[in-house]
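The values are calculated or read from the model by the stated rules, or taken from the named source; none is laboratory data. Computed from a predicted model, the values in this text were never measured in an experiment. Quick reminder, even Gly has a Cβ in these numbers, built from the backbone with ideal geometry, and neighbours come from all protein chains shown. When the accessible area is computed, the model is the full protein with side chains, heavy atoms only, and any ligands, DNA or RNA have been set aside. Shrake-Rupley method; radii C 1.70, N 1.55, O 1.52, S 1.80 Å.
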Amino acid sequence: MSTDTMKSWWIRPEPGAIALEQREVPVPRPGPGQLALRIRAAALNRGEFIAGHGLHASGTARPAGFEAAGEVTEVGAGVTGFAPGDRVMGRCDGAFAEHGLMQAGEACVVPERLSWEQAACATVTYLTAHDMLIAQGRLRAGEWMLVTGISSGVGVAALQVAKAIGARVMGTSRSPEKLQRLQALGLDVPLATRAPDFVPAVLEASGGRGVDLVVNTVGGSLFGACIEAMGFEARLATVGYVDGVVRAELDLMALHAKRLQLFGVSNKLRTLQHRIDAAAALARDLLPWLAQGRLVPLVDKVFAFDALEDARRAMEAGEHVGKIVLRME
């Protein structure tokens with residue numbers, strides 16, 4: 001392969017499925033405000049592999065992956081604060097490739113203690129956790145947080161950030177083994193269920209008050225139970241719908257009487273400036289904790305670049321805790 005070309009994975013929606021193919025494409029050059037990088041590792045994100053998900057334009061193939069870490073090889077016009085050789089991590093369209101481009105405003109310097117694999121999955125999950133717990137959720141020390149599907153990458157990041165803040169955390173998973181692993185990270189109340197039957201246990205653990213913040217990574221099948229589990233002036237973050245249920249009834253009396261606040265967490269419809277502002281907030285509030293080791297990205301499995309299909313199957317099997325990462329050779 002020429003030094004002017006590279007290997008890149010592409011993703012194409014098909015009826016009821018997602019197809020992957022590897023292509024040889026030109027190495028990208030940075031435009032104004034961009035960094036070019038040699039990608040060392042990239043993280044998988046579940047939404048990219050769900051057929052019919054809003055990430056996909058029907059029938060249109062596009063470069064796969066959107067989160068990576070690597071070494072800067074070239075900086076575009078107007079970029080300051082970065083130089084070739086710097087270790088960076090951040091959102092990167094087409095991250096499942098040997099080289100990629102990153103907006104300088106969305107890039108963060110990789111803390112020395114992080115491996116490439118850890119850095120590759122330290123951006124999207126902690127950006128999402130920051131949005132849910134700090135920017136919108138306003139979680140405070142001593143409060144209770146409930147996370148449904150807590151063993152996901154976002155769930156684990158939310159657990160870690162909440163514990164760093166000083167909050168107490170309950171989490172659901174159908175796997176007692178996964179919950180046991182997360183108790184070592186500070187999970188206070190493990191709830192071994194995937195069904196909406198956790199409300200009595202939540203109320204008992206919280207002394208009848210209910211929780212202050214709910215992070216629902218599962219979807220509409222648990223929405224009603226999440227509302228029941230919320231306390232006075234509690235907040236509910238909806239971040240995922242792996243159950244495929246995108247509609248649910250809302251108890252307006254509970255919304256009114258408990259003065260609840262409901263919000264969504266998504267990168268859809270965000271402008272580049274929104275994303276740059278979020279990256280700056282991450283660097284300000286959470287990057288110091290990553291550098292100190294108070295937050296440690298949890299990498300469950302690492303696959304070689306050519307084994308993306310195997311990595312996808314591992315993600316679909318749902319046995320992992322934390323993140324699955326693709327490592328470039």
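Overview of results
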quantity	calculated
Filter result for Val169 (more than 12 Å from Gly149 (Cβ to Cβ), among the hydrophobic types (A, V, I, L, M, F, W, C) and either open to solvent by less than 70 Å² (accessible area, probe 1.4 Å) or part of a helix (DSSP H, G or I) (or both))	yes
Residue in the range 112-128 that is nearest to Arg284 (Cα to Cα), counting only those that are part of a loop (DSSP other than H, G, I, E, B) and polar (S, T, N, Q)	Thr123
Some residue of the range 198-220 being of a type in the set (D, E, K, R), under 17 Å from Leu260 (Cα atoms) and at pLDDT 95 or above	yes
Residue count for the range 65-92, restricted to those that are touching a Leu at 6+ places or on another chain (Cβ under 7 Å) and either modelled with pLDDT under 95 or basic (Lys, Arg) (or both)	0
Matching residues, the range 73-107, being touching a Gly at 6+ places or on another chain (Cβ under 9 Å), open to solvent by 40 Å² or more (accessible area, probe 1.4 Å), not aliphatic (A, V, I, L, M) and not in a loop (DSSP other than H, G, I, E, B)	Thr73, Arg87, His99, Gln103
The range 284-311, residues that are assigned to a helix (DSSP H, G or I) and under 16 Å from the mean Cα position of the chain (by Cα)	Leu287, Leu290
Any chance His256 is open to solvent by 30 Å² or more (accessible area, probe 1.4 Å) and under 30 Å from Gly224 (Cα atoms)	yes
Failed condition for Gln103, given (1) polar (S, T, N, Q); (2) in contact with a Pro (Cβ under 8 Å, 6 or more places away or on another chain); (3) closer than 19 Å to Arg91 by Cα	(2)
Looking only at the range 129-166, and only at residues there that are outside any helix (DSSP H, G or I), at pLDDT 95 or above and out of contact with any strand residue (DSSP E or B) (no Cβ under 6 Å at 6 or more places or on another chain), the one that is surrounded by the most Cβ atoms within 10 Å (Cβ to Cβ)	Gly149
Residue in the range 281-323 that is least open to solvent (accessible area, probe 1.4 Å), counting only those that are more than 20 Å from Phe49 (Cβ to Cβ) and free of Cβ contacts under 8 Å to residues at least 40 places away in the same chain	Pro288
Residue within the range 207-219 that is assigned to a helix (DSSP H, G or I), out of contact with any Ser or Thr (no Cβ under 6 Å at 6 or more places or on another chain) and open to solvent by 20 Å² or more (accessible area, probe 1.4 Å) present	no
Close pairs (8 angstrom Cβ cut-off, 6 or more residues apart or separate chains): hydroxyl-bearing (Ser, Thr, Tyr) in the range 217-236, surrounded by fewer than 20 Cβ atoms within 10 Å (Cβ to Cβ) anywhere	Thr217/Val242; Ser221/Pro196; Ser221/Asp243; Ser221/Val245; Ser221/Ala248
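Residue by residue, here is whether (1) open to solvent by less than 40 Å² (accessible area, probe 1.4 Å); (2) in a strand (DSSP E or B); (3) at pLDDT 80 or above holds:
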| site | (1), (2), (3) |
| --- | --- |
| Met1 | no, no, no |
| Lys7 | no, yes, yes |
| Ile11 | yes, yes, yes |
| Arg23 | no, yes, yes |
| Pro32 | no, no, yes |
| Arg38 | no, yes, yes |
| Ala41 | yes, yes, yes |
| Gly52 | no, no, no |
| His56 | yes, no, no |
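For (1) in a loop (DSSP other than H, G, I, E, B); (2) among the hydroxyl-bearing types (Ser, Thr, Tyr); (3) touching a Gly at 6+ places or on another chain (Cβ under 6 Å), each residue gets a yes or a no:
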| residue | (1), (2), (3) |
| --- | --- |
| Ile227 | no, no, no |
| Gly231 | no, no, yes |
| Ala234 | no, no, no |
| Val321 | yes, no, no |
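Quick grid of which residues meet (1) of a type outside the set (D, E, K, R); (2) under 22 Å from Asn45 (Cα atoms); (3) under 21 Å from the mean Cα position of the chain (by Cα):
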| residue | (1), (2), (3) |
| --- | --- |
| Asp188 | no, no, no |
| Gly207 | yes, no, no |
| Ile227 | yes, no, no |
| Ala237 | yes, yes, yes |
| Tyr241 | yes, yes, yes |
| Gly244 | yes, yes, yes |
| Ala248 | yes, no, no |
| Met253 | yes, no, no |
